[in-house]
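Following: one structure in structure tokens, then a few remarks.
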Amino acid sequence: MASTSVSRQGALAWEVILPGKRAAQSWGAKQRGTIVIGADEAEQERISVPKQVATILNAKKKADEVHPASRAELLYVVGELSRSCARARIERLINTREYSSKEVADKLAQDGYSKRVAEECINRACEAGLISDARFADSFIRSKVYAGWGMTRIVKELARRGIEASELAGWPYDYLDPEDEYTRAIELAQSKHVYGNNAYQKLVRYLCGRGFSLGVATRAAKQVLSDDE
């Protein structure tokens, strides 16, 4: 059952509604709390906030720590609390691994933080060096090259994370030689043992899935299967 707490300090009537454990939510979205402002149901204003923000605000109100006398004062409290919670969320994320700024923004949006709060907190984290797209990209590319990914897939996956490979200093020669794509595809194909009438198609699909271009994949597959014969 959802938790509700009502406050009527001064002329302002407001309440915090916490999401129930089984509250319905859209795919990919986190449960969110709701702040309801106004005593008249017909004229109430409902503001969706991240669950963590609602939980802390609810606890502060119950402890009689917040006494907003106006809508503006309440929104100020919510804004400050949102920034504090967003910063804590960012710190928890980057303590586990490197994140790109877009990945962090997506996480905060999923939690229910406003775009303004997310951008402000992410910019501060970038200025402090806690988040670095260049550092993330360097780590990401090196790990994927080591895992045998081709350039096409690396570029595509970086773009999904908000980073354009062409804008990175040293790309691609600090990480791999484009002229070696064919050699790398050959080595990867040789480690993939495929048999049967569809061996060629299977090998091409495998190499394309690893991020090699169709041209490189077909050449490598033909070469490896020819060598096997």
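The values are calculated or read from the model by the stated rules, or taken from the named source; none is laboratory data. Since the structure is predicted, the reported quantities are computational estimates derived from the model, not experimental observations. No Cβ is skipped: glycine too gets one built from the backbone with ideal geometry, and neighbour counts run over all protein chains shown.
Report whether or not VAL49 is surrounded by 18 or more Cβ atoms within 10 Å (Cβ to Cβ) and in contact with a strand residue (DSSP E or B) (Cβ under 6 Å, 6 or more places away or on another chain). In short, yes.
Only one of the numbered conditions (1) surrounded by fewer than 16 Cβ atoms within 10 Å (Cβ to Cβ); (2) at pLDDT 95 or above; (3) basic (Lys, Arg) is violated by LYS62, and that is (2). Which condition does ALA88 not pass, out of (1) within 30 Å of GLY129 (Cβ to Cβ); (2) modelled with pLDDT of 95 or more; (3) surrounded by 13 or more Cβ atoms within 10 Å (Cβ to Cβ), if it passes all the others? Condition not satisfied by ALA88: (3). Consider region 92-111 and keep the residues that are basic (Lys, Arg) and surrounded by fewer than 16 Cβ atoms within 10 Å (Cβ to Cβ). The one that is farthest from ARG135 (Cα to Cα) is ARG92.
One residue stands out in region 135-162 among those that are touching a Ser or Thr at 6+ places or on another chain (Cβ under 6 Å) and at pLDDT 95 or above: the one that is nearest to LYS107 (Cα to Cα), namely ARG161.
Residue-level check: of (1) surrounded by 13 or more Cβ atoms within 10 Å (Cβ to Cβ); (2) more than 25 Å from LEU168 (Cα to Cα); (3) free of Cβ contacts under 8 Å to residues at least 60 places away in the same chain, GLU120 misses just (2).
A count restricted to region 1-38 and to residues that are in a loop (DSSP other than H, G, I, E, B), touching a Lys or Arg at 6+ places or on another chain (Cβ under 8 Å) and modelled with pLDDT of 85 or more stands at 3.
Residue-wise test of (1) of a type in the set (S, T, N, Q); (2) crowded, with 19+ Cβ neighbours inside 10 Å; (3) on the phi > 0 side of the Ramachandran plot; (4) in the same structural domain as GLY148 (by TED's automatic domain parsing).
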position	(1), (2), (3), (4)
TYR175	no, no, no, yes
ARG184	no, yes, no, yes
GLU187	no, no, no, yes
TYR206	no, no, no, yes
GLY209	no, no, no, yes
GLN223	yes, no, no, yes
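Listed by first and then second residue, the pairs with beta-carbon distance under 7 Å, at least 6 apart or on different chains, first residue in region 131-144 and farther than 20 Å from ILE90 by Cα, second buried (at least 17 other Cβ atoms within 10 Å of the Cβ), are ILE141/ILE154; ILE141/TYR175; ARG142/TYR175; LYS144/ILE154.
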